[in-house]
Amino acid sequence: MTTLHGYRGMLLDYAGDPSHNADAVRLEPDGLLLVSDGKVFARGSYSELAAAHPEAPVVDYRGQLIVPGFIDGHVHYPQTDMIAAYGEQLLAWLERYTFPAERRFRDPAHAAEVAEVFLSELVRHGTTTALVLCSVHPESVDALAGAALARNQRLILGKVWMDRNAPPDLCDTAESAYADSQRLIARWHERGRLRYAITPRFAPSSTPAQLEAAAALWREHPTTYLHTHLSENPAEIDWVLSLFPGRESYTDVYDHYGLLTAKSIFAHGVHLSGAEVARLAQARSTLAFCPTANLFLGSGLFRYPEIREAGVSVVLGTDVGAGTTFSLLGTLSAAYQVLQLQRYCLSPHHGLFLATLGGAAALGLDDVVGNFEVGKEADFVVLDFQSTPTLRRRLAAPADVDECLFALIMLGDDRAVRATYVAGSLAHALTPPAGQ
Ligand code: GUN
Ligand code: ZN
């Protein structure tokens, strides 16, 4: 006998990419989402579904928007406590702020404490799936994976590899990174909702031997992911070309060592040439678009229109701590502005699609999350159009759903996230939900 739980509100999700096909927008103004055993049991109009399932208790979110949980395609949990660090661009920022913060994750107690804070911050901002870099210490993966498993939060995570150009006490070796990652894959990959990502930090901090070892490990475990940074900052790119003489481009370095795969996610890709973009498309790799981080570190503007046109799949990333918010709403607001500078209008539905089903597809998870298809995991967020005085006034006059959604994207933040449900369980609530 299944136990059904219902959630009543304005339901919005996508059957596909709404920028290609407007019919992909699925809006149920007075909708009901029925959940059973942590999965979507049914979605539809309240009047029909409630009559068919009178036994289901219903939580009343009328007047609020229920959307699939947000997907953060690139975020660093050891950087939680050094978000908003002043005054540097990428390479100096890494030396001055990032490495000292990550050094502390050698201590399992510190890692465990930050892991809890980080996972709470994700759900407080409506994020239910994240692709996460840990520190170089395997203990940092154990801390986050253990905490996420206990909370049933969906994560893809991995230990960072770096065997050069980092402080000596933060360096591993090709052999130790391989062995540690192999153990971590055995311990965590496909356990509950966890997946593993083999994570060389970026080309400058790995020797050729280490990049080769990362690719070899992935070939032995092709259901895992490969996750790294690519072409974020001009000084970084010059450095890569000097460290790997003979390689045509930054992308060619990863390609040469076997790291361009359909399971590869590269963060940033701000300064890619047309040839690099074409090669990424051919390899079916994914780029993580991290607009707040690209602005914060003065890295540049992600050329989304061109990259999308070339057929590269894209996921949004907050990239905290270079990113300035855990919020995918805030990230979409920055994305909108970055694209305005390129004379491209990111529609609110296109944006929300990227933060949900589009991100899920880019991470190869659209068979389990991303929308309210029956049988998918019931990760969802309740968003409040009235969460601030500014939003209330902006939406005081009658507005259609596109306008409401756009205002929410531009003006909303963690205060707009009334509740977050993870596999059907309440993981965060601003105020206790009301029964009906
Ligand atoms: N490139 C290499 N490491 C990092 C990092 O921690 N953050 C960002 N934004 N870029 C990187
Ligand atoms: Zn990053």
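The values are calculated or read from the model by the stated rules, or taken from the named source; none is laboratory data. Just so it is clear, the model here is predicted, and its values are computed rather than measured. Using ideal geometry, Cβ is built from the backbone for each residue, glycine included, and neighbour counts are taken over all protein chains shown. Surface areas here come from the heavy atoms of the whole protein model, side chains and all, with no ligands, DNA or RNA. Shrake-Rupley method; radii C 1.70, N 1.55, O 1.52, S 1.80 Å.
Some notes on this structure:
- Cross-chain or 6+ apart pairs with Cβ under 6 Å, segment 336-351 first and under 12 Å from I409 (Cβ atoms), then part of a loop (DSSP other than H, G, I, E, B) and polar (S, T, N, Q): H350/S19
- Residues that are under 24 Å from T129 (Cβ atoms), within 15 Å of ligand 1 (Cβ to nearest atom) and in contact (Cβ under 8 Å) with a residue 40 or more places away in the chain are absent from segment 233-253 altogether.
- Verdict on E121 being within 25 Å of A429 (Cα to Cα) and over 17 Å from the mean Cα position of the chain (by Cα): no
- Listed conditions (1) β-branched (V, I, T); (2) open to solvent by less than 60 Å² (accessible area, probe 1.4 Å); (3) out of contact with any helix residue (DSSP H, G or I) (no Cβ under 9 Å at 6 or more places or on another chain) are all met by V422, apart from (3).
- Screening segment 38-53 for residues that are in contact (Cβ under 8 Å) with a residue 24 or more places away in the chain and among the charged types (D, E, K, R) and picking the one that is most open to solvent (accessible area, probe 1.4 Å) gives K39.
- Summed over segment 1-55, the residues that are in contact with a His (Cβ under 8 Å, 6 or more places away or on another chain) and of a type in the set (S, T, N, Q) give a count of 2.
- All positions within segment 193-215 that are within 16 Å of ligand 1 (Cβ to nearest atom) and either open to solvent by 20 Å² or more (accessible area, probe 1.4 Å) or in contact (Cβ under 8 Å) with a residue 60 or more places away in the chain (or both): A197, T199, R201, T207
- Residues within segment 1-37 that are in contact with a strand residue (DSSP E or B) (Cβ under 9 Å, 6 or more places away or on another chain), surrounded by 16 or more Cβ atoms within 10 Å (Cβ to Cβ) and in a loop (DSSP other than H, G, I, E, B), tallied: 1
- F105 being more than 15 Å from ligand 2 (Cβ to nearest atom), at pLDDT 95 or above, touching a helix residue (DSSP H, G or I) at 6+ places or on another chain (Cβ under 8 Å) and among the aromatic types (F, W, Y): yes
- Listed by position, the helices (runs of 4 or more DSSP H) enclosed by segment 88-192 that each have at least 3 residues that are open to solvent by less than 10 Å² (accessible area, probe 1.4 Å) and of a type outside the set (F, W, Y) are 108-124, 138-151, 174-188.
- Entirely in segment 344-436, the helices (runs of 4 or more DSSP H) that have 3 or more residues that are within 24 Å of the chain's Cα centre (by Cα): 348-353, 359-362, 401-411
The rows are residues; the columns are (1) within 16 Å of ligand 1 (Cβ to nearest atom); (2) over 20 Å from the mean Cα position of the chain (by Cα); (3) of a type in the set (D, E, K, R); (4) modelled with pLDDT of 95 or more.
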residue	(1), (2), (3), (4)
L272	yes, yes, no, yes
A275	no, yes, no, yes
Q282	no, yes, no, yes
A288	yes, no, no, yes
L295	yes, no, no, yes
R308	no, no, yes, yes
V314	no, no, no, yes
G317	yes, no, no, yes
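- Residue selected from segment 55-82 under the condition outside any strand (DSSP E or B) and under 15 Å from C134 (Cα atoms), by the criterion farthest from ligand 2 (Cβ to nearest atom): D81
- Checking the stated criteria, W218 turns out to be more than 16 Å from ligand 1 (Cβ to nearest atom), open to solvent by 10 Å² or more (accessible area, probe 1.4 Å) and in contact (Cβ under 8 Å) with a residue 40 or more places away in the chain.
- Condition met for G321 (in contact with a His (Cβ under 7 Å, 6 or more places away or on another chain), within 16 Å of ligand 1 (Cβ to nearest atom) and either modelled with pLDDT of 95 or more or of a type in the set (K, R) (or both)): yes
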